[in-house]
Amino acid sequence: MALSKEQIAQRIAQELKNGYYVNLGIGIPTLVANYVPEGIEVVLQSENGMLGMGPFPEKGQADPDLINAGKQTVTVLPGGSFFDSSTSFAMIRGGHVDLTVLGAFEVSEKGDIASWKIPGKMVKGMGGAMDLVASAKNIVVAMQHCSKDGQSKLLKKCTLPLTGVRCIRKIVSDLAVIEVTEDGFKLLERAPGVSVDEIIAATEARLIVEGDVPEMKF
Amino acid sequence: MNKVVANAREAIEGISDGMTLMVGGFGLSGIPENCIAALAESGLKELTCISNNAGVDDFGLGLLLKKRQIRKMISSYVGENEEFERQLLSGELEVELIPQGTLAERCRAGGAGIPAFFVPAGYGTEVAEGKEIRTFNGKPHLLEHALTADFAIVKAWKGDTHGNLIYRNTANNFNQAMAMAGKITIAEVEELVPAGELDPNQIHTPGIFVQRIFQGKDYEKRIERLTER
């Protein structure tokens, strides 16, 4: 069975380590905050100017001056801090953020990512994604393996305008965990009940498969 | 040293057609509501607006877009504003999209007297087109130029008659960098107090950067995406 969005987030949460400062993008990445493993403390950075981002507010407690990068109302945890946008991106550009999780339209086997524009159809803008992918030490992409009409989004070469080049190290899709190596995509884990052949069929780029590929554990 | 003006209409005096404005805020958080309303009323046109977003269809800079007062937007994210996206895709509006951190730093640099600087963001993408590339520590970087504006318009939580400003929570965002980069910087605040009442240790924007300040009124502080537990 392909993973739900929540399960993709849950699998990515296993990448978190104690003491990490983490930036979570909009969409599935935001859900990762719900699955931080017990005993692990991470601090969430929101690029609009906050460290120590907490959960959504209780009903009636929303503060228009307290939002995340997705413009959703949030809360701040004890030990949190606020700062301006240029300081926020000094943290990102300066390599102070330990892990970045973001979504993508396409990822190439070289680690290129496209995530901000579909020419002629949709322009959302890159927001902070270009800054994040260009500077993060450790980036995990959360994405659906294929588009709604079944086209693979893990490609030899991206077809859409790029967000960054040779920057993605790991992908967690609804079908697989894949590492981007010097030689291309390497299959690390399968979604429970999904076969290696099914993943190969859903991946336009070549997939390196070594030995028995384990199922993801939750 | 008294920089206080009566209201938004007085604050925007001197802005003329075709000028470049920086407008603070992230989404609808920390936007100068009073000045935007005054600009909408003024009928000024052919404006270039440097702002991270462009509001929503009927609030924030979306008000100026709807009335076609903006010729060009310089932003990082336009999603969630259908009118913006429509004008962009149809070519009615000139839009320069810039990575968010680069946008913030270009504003900060403009205020800090740094004409240009190198960043890695955008290398290998269409953002890099026409830009000088240099490699530092094995990594390619783009030369990015500072931004300044005829007027920077910011919103703060508290301010004093000297123009010292304190922002609240994530409503700081682009306001602090933009406040530095206006030839004339206008600050509207929720609470204006006499000089001496704010704790000098807590000031985010020192008054030297601010030329006009006024007590705003009737803040709607609209929430773009209400999310609750």
- Long-range HN-HN contacts of B:His204 with modeled amide H, under 5 Å: B:Leu165, B:Ile166, B:Tyr167
- If ligands, DNA and RNA are left out, what is the accessible area of A:Tyr21 with a 1.4 Å probe, given in Å² to the nearest 10? 100
- Between A:Arg190 and residues 5 or more places away or on another chain, which pairs have amide H atoms under 5 Å apart, with H built 1.01 Å from N, and which residues are they? A:Val177, A:Glu215, A:Met216
- Given backbone amide H placed at 1.01 Å from N, residues whose amide H is under 5 Å from that of A:Asp65, ignoring those fewer than 5 places away on the same chain, are none
- Item | For the range A:5-208: relative contact order, % (alpha-carbon pairs under 8 angstrom, 6 or more apart) | 18
- Note on the structure: Distance in nm between A:Tyr35 and B:Lys66 label points, each 7 Å along Cα→Cβ, equals 4.1
- Task: Return a whole-number percent for the relative contact order of chain B, with Cα pairs under 8 Å and 6 or more residues apart as the contact set.
- Result: 24
- Just grab the label-to-label distance for A:Thr181 and A:Ala90, each label 7 Å out from Cα along the Cβ direction, in nm (one decimal). 4.1
- Message: Using a 10 Å cut-off around each Cβ of peptide A:163-169, what is the average number of partner chain Cβ atoms that fall inside?
- Response: 3
- Query: Based on DSSP H runs of at least 4 residues, each adding -39500 (n - 2.57), what is the mean residue ellipticity at 222 nm of the protein assembly as shown after dividing by all its residues, to the nearest 500 deg cm²/dmol?
  - Reply: -4500 deg cm²/dmol
- Task: For the range A:78-138 and the range B:136-188, compute the distance between their C-alpha centroids and round to whole Å.
- Result: 21
- Might you work out the accessible area of A:Leu155 for me, using a 1.4 Å probe with all protein chains in place, and round it to the nearest 10 Å²? 20
- Query: Stretch A:Asp197-A:Met1 to full length: gain in nm at 0.36 nm per residue minus the Cα-Cα span?
  - Reply: 69.2 nm
- Judged on accessible area alone, 1.4 Å probe, highest first, A:Leu154, A:Leu24, B:Leu226, A:Leu31 line up as B:Leu226, A:Leu31, A:Leu24, A:Leu154
- Item | Diffusion coefficient, µm² s⁻¹, Stokes-Einstein with Kirkwood Rh over alpha-carbon pairs of the range A:5-208 at 4 °C and 1.567 mPa s | 74
- Each residue of the range A:155-165 in order: what ³J(HN,Hα) in whole Hz does its phi give by Karplus 6.51 cos²θ - 1.76 cosθ + 1.60, θ = phi - 60°, with x for Gly and Pro? 10, 5, 9, 5, 9, 9, x, 7, 9, x, 10
- Message: Largest first and in whole Å, what are the equivalent-ellipsoid semi-axes of chain B based on the Cα gyration tensor, each being the root of 5 times an eigenvalue?
- Response: 28, 22, 17
- Message: With θ taken as phi - 60° and the coefficients 6.51, -1.76 and 1.60, list the Karplus ³J(HN,Hα) couplings across the range A:176-182 in order, rounded to whole Hz; mark glycine and proline as x.
- Response: 7, 9, 10, 9, 8, 9, 4
- Flagged links, alpha-carbon separation over 19 Å, of A:Lys110/A:Lys186; A:Lys71/B:Lys221; A:Lys110/A:Lys156; B:Lys45/B:Lys217; A:Lys121/A:Lys148: B:Lys45/B:Lys217
- What FRET efficiency would be calculated for the residue pair A:Lys59, B:Glu10, taking the C-beta separation as r and a Förster radius of 35 Å, to the nearest 0.05? 0.30
- Message: Just checking the output field for A:57-70: average partner chain Cβ neighbours within 10 Å of each residue's Cβ?
- Response: 6
- Expressed to two decimals, the protein assembly as shown has a Cα Rg over Rh, using the Kirkwood radius, of 0.99
- From phi via Karplus (6.51, -1.76, 1.60), per-residue ³J(HN,Hα) for the range A:122-139 in Hz, x at Gly/Pro: 8, 10, 9, x, 7, x, x, 5, 5, 5, 5, 5, 6, 10, 5, 6, 9, 10
- Relative contact order (%) - criterion: Cα under 8 Å, at least six apart; region: the range A:57-171: 29
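The values are calculated or read from the model by the stated rules, or taken from the named source; none is laboratory data. Quantities reported herein were computed from a predicted structural model and do not represent experimental measurements. Note: ideal-geometry Cβ built from the backbone for every residue, glycine included; neighbour counts use all protein chains shown. These accessible areas exclude ligands, DNA and RNA; they are computed on the full protein's heavy atoms, side chains included. Shrake-Rupley method; radii C 1.70, N 1.55, O 1.52, S 1.80 Å.
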